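Here the structure is laid out as structure tokens; the discussion comes afterwards.
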Amino acid sequence: MKDCATVLSAICGKDAKDSTSLSVPTPDFMGALTGECKGMKIGLPKEYFSDAVDPAVRDAVLSAAKSYEAMGAEVAECTLPMLDYALEAYYLISSAEASSNLARYDGVRYGFRAEGCKDLEDLFLKTRSEGFGKEVKRRIMLGTFVLSSGYYDAYYKKAQQTRTLICQDFARVFESFDCILTPTSPCTAWKFGEKSADPVQMYLADICTVSVNIAGLPALSMPCGTDAAGLPVGVQLIGGRLRDDVILRAAYALEQNGKGGR
Amino acid sequence: MKYETVIGLEVHAELSTKTKIYCSCENSFGGDTNTRCCPVCIGLPGALPVLNRTVVDYGIKAGLAMHCSIASYCKQDRKNYFYPDLPKAYQISQFDLPLCSAGYVEIDTEEGMKNIGITRIHIEEDAGKLLHAEGANFSLVDYNRGGVPLIEIVSEPDMRSPEEAMAFLEAIKSTLQAIGVSDCKMQEGSLRCDINVSVRPEGQEEFGVRSECKNVNSFHAAVRAIKYERDRQIAVLEAGGTVEQETRRWDDAKGESFLMRSKEEAHDYRYFPEPDLAPIYVDDAWIEDLRTSLPELPSEKKKRYVETYSLPKYDAGLIGASLGLSKLFEDTVAAGAAPKTASNWLLGEISKILNESMLEAEAIPFDGKALAELIAMIESGAISGTIAKQVLPEMFAGNKSPKQIVEEKGLAQISDEGAIMDMIQEVLAQNEAAVADFRAGKDKAIGFLTGQVMRASKGKANPGVIQKMLREALTALK
């Protein structure tokens, strides 16, 4: 956690060349590493502990919660009802952006250019057909579709509206909690290529982390035990907007307690 | 059947900011190819746009000058399409929430003043430029223009003739120049327009189907393209056909437009909010600051010239529309010249020289004091109007005052009666027929003889004195 806080202290703050960075004071991240978390209010959102979550993962997270209680933190259940829609919203928005961000790889300015193109359209088609892999193409096509006229309102716009509801969900929880404790992934690692045939199954593994990106919140993932096969389980701590210091403090306390870490 | 033409225009004006819209590259015309670019304006992965605040200032100024309301909240959007001059394969523009909306500009028409509605003005970035080499099977791209800030001004379909469209374009140009946000040089492509034309039977309420015409690069081309499109659509209707909604490309050399794409082939630009940029919030204080910084607008100048100087509306409009002419006019009048006389010189001889040498009024090398001096010399009889027209080009050529030029070239008017009498005697001796005509009662002959004496004096003799002395001499001969 010290490494994490050190790096964050260095990279945090306004970047004049990034309009999406904020001009707010950088918190004292190192100072946040007190090693204790007495009185902290930690929420366990029930939506993150459904039957879809691997029991080994659930047990590891719940044991982390027990450690927090033992250290004097208050742990209680909370609810994020909009979470069900986070994954859908995330894949619509991120694919839409990706389809546009990746459009510059058209063979004109730089990067891969297909050979033997007879005209401009051919250059665009061949370069992009040959240059991109399956998953990237899947997202470009999905993103292009949801931004198309006639579909924008039903998909992209709706996803953005959902995003607002998810943000409000989290904001409500942070009125009564300092941070949220969840699994990082509903399962431990699967074999390479095992889920490639079913992308939706693969996307579902992102369910615990994408909501954070959607909501614009700080989160960290730390190791917390292993499953029966010895594969690592991760817990995720989510903080309120700009409260990276709060989750660093909670994570460091767990790490010091011997529960976090390998 | 009689038809009415309905015209709407989309004008793109390059803003004359020091730097580009999303990076600090120099914003100026020309330069070696691909020397005014950086990772941002050539769209390298990871480079992010940062909005140039002056672009928003200029956009708001244009909006205020065109009586628009300024959005307190607006955003920028991506317009996605593939073309080699667009390095990111999207243009950052504004879609559903433009910076300015619902304004108007005033134009002069045969039926009097008319307001042409401005639907919206938004800010966006320009694309690069494709260079096609003769006979080559490839094209090159110059990205210097990529990321140059633009405003797009969209009019309501309020114009009813090519002349009104021309007046609208002139009004836009003079307004943008007056407020200093664009130099509007058509030859450098800093002002371009797309034209929307439809026709409808006279008296019909609903609009006809419109076509959009692109690649119109001069006001003159705009007028020709509108006339061409109007005539084409009327011919289609007269032949029993229907006008299709389509995009056409104007070819100025051929004087024709060609189908670019039909409605079915229209691009789907997949607009969505630019995630790399924050929304733009404009508060009242910002707007008021800019409002108070606005100079007098061409339409206001025109009004003032009519009211204060009693200039004819026509003169006032032309002078008021040009920064260079209006400054020279006001300085000349301040230096003592009569307003109408100053206006005659500006719109007559001076404009003629500007047109012939393809110069803008801002390039006139002399000031109002010099022009007033020239006018005063005519009025005092020191030189004739004819001579003054010879002095003027010299004033363009160097930095000499009219007095210096007259002295150096020996152009001062001859009012010495002795010298003039010698010339009169000579002319009378050589033009016996005209003298006989005069004696026979043809008073007109005196005009011809005066002209001959003027010629003998190389234009330097005082015409009033000549006439008076001629008449005396001829009467004495009777």
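The values are calculated or read from the model by the stated rules, or taken from the named source; none is laboratory data. None of these values were measured; they are calculated from a predicted model. Here the Cβ positions follow ideal geometry from the backbone for every residue, glycine too, while neighbour counts run over all protein chains shown. Note: areas computed on protein heavy atoms with side chains; ligands, DNA, RNA excluded. Shrake-Rupley method; radii C 1.70, N 1.55, O 1.52, S 1.80 Å.
Somewhere in the range B:252-260, is a residue of a type in the set (Gly, Ala, Ser), out of contact with any strand residue (DSSP E or B) (no Cβ under 8 Å at 6 or more places or on another chain), in the same structural domain as residue B:79 (by TED's automatic domain parsing) and within 30 Å of residue A:98 (Cα to Cα)? Within the range B:252-260, not a single residue is of a type in the set (Gly, Ala, Ser), out of contact with any strand residue (DSSP E or B) (no Cβ under 8 Å at 6 or more places or on another chain), in the same structural domain as residue B:79 (by TED's automatic domain parsing) and within 30 Å of residue A:98 (Cα to Cα).
If I ask for residues that are open to solvent by 50 Å² or more (accessible area, probe 1.4 Å), within 16 Å of residue B:192 (Cβ to Cβ) and either in a strand (DSSP E or B) or among the hydroxyl-bearing types (Ser, Thr, Tyr) (or both), which ones from the range B:125-151 would you list?
B:129
Tallying residues that are at positive phi and buried (at least 17 other Cβ atoms within 10 Å of the Cβ) within the range B:400-459 yields 1. Scanning the range B:277-290 for residues that are surrounded by fewer than 19 Cβ atoms within 10 Å (Cβ to Cβ) and within 8 Å of chain A (Cβ to nearest Cβ) yields a count of 1. Inclusion of residue B:210 among residues that are under 22 Å from residue B:119 (Cα atoms), open to solvent by less than 80 Å² (accessible area, probe 1.4 Å) and of a type in the set (Lys, Arg) is not warranted.
Counting only helices (runs of 4 or more DSSP H) that sit wholly inside the range A:145-259, those with at least 1 residues that are of a type in the set (D, E, K, R) and buried (at least 21 other Cβ atoms within 10 Å of the Cβ) are A:158-176, A:244-256.
In the set B:96, B:77, B:57, which member is among the charged types (D, E, K, R) and away from every other protein chain (no Cβ under 13 Å)?
One residue alone meets the criteria, B:57.
Given the options A:97, A:47, name the one that is free of Cβ contacts under 8 Å to residues at least 60 places away in the same chain, within 30 Å of residue A:10 (Cβ to Cβ), open to solvent by 30 Å² or more (accessible area, probe 1.4 Å) and part of a helix (DSSP H, G or I).
Only one candidate passes the filter, namely A:97.
Do we have any residue at all in the range B:295-318 that's open to solvent by 60 Å² or more (accessible area, probe 1.4 Å) and within 14 Å of chain A (Cβ to nearest Cβ)? No, every residue in the range B:295-318 fails to be open to solvent by 60 Å² or more (accessible area, probe 1.4 Å) and within 14 Å of chain A (Cβ to nearest Cβ). Return the only residue of B:122, B:67 being in a loop (DSSP other than H, G, I, E, B), within 18 Å of residue B:13 (Cβ to Cβ) and either in contact (Cβ under 8 Å) with a residue 40 or more places away in the chain or away from every other protein chain (no Cβ under 14 Å) (or both). Of the residues listed, the single one that is in a loop (DSSP other than H, G, I, E, B), within 18 Å of residue B:13 (Cβ to Cβ) and either in contact (Cβ under 8 Å) with a residue 40 or more places away in the chain or away from every other protein chain (no Cβ under 14 Å) (or both) is B:67.
Here is a yes/no grid of residues against (1) out of contact with any Leu (no Cβ under 8 Å at 6 or more places or on another chain); (2) of a type outside the set (Gly, Ala, Ser); (3) assigned by TED's automatic domain parsing to the domain that holds residue B:177:
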{"residue": "B:308", "(1), (2), (3)": "yes, yes, no"}
{"residue": "B:316", "(1), (2), (3)": "yes, no, no"}
{"residue": "B:323", "(1), (2), (3)": "yes, yes, no"}
{"residue": "B:328", "(1), (2), (3)": "no, yes, no"}
{"residue": "B:346", "(1), (2), (3)": "no, yes, no"}
{"residue": "B:359", "(1), (2), (3)": "yes, yes, no"}
{"residue": "B:371", "(1), (2), (3)": "no, yes, no"}
{"residue": "B:378", "(1), (2), (3)": "yes, yes, no"}
{"residue": "B:383", "(1), (2), (3)": "no, yes, no"}
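Listed by first and then second residue, the pairs with beta-carbon distance under 6 Å, at least 6 apart or on different chains, first residue in the range A:145-164 and away from chain B (no Cβ under 12 Å), second open to solvent by 20 Å² or more (accessible area, probe 1.4 Å), are A:162/A:85.
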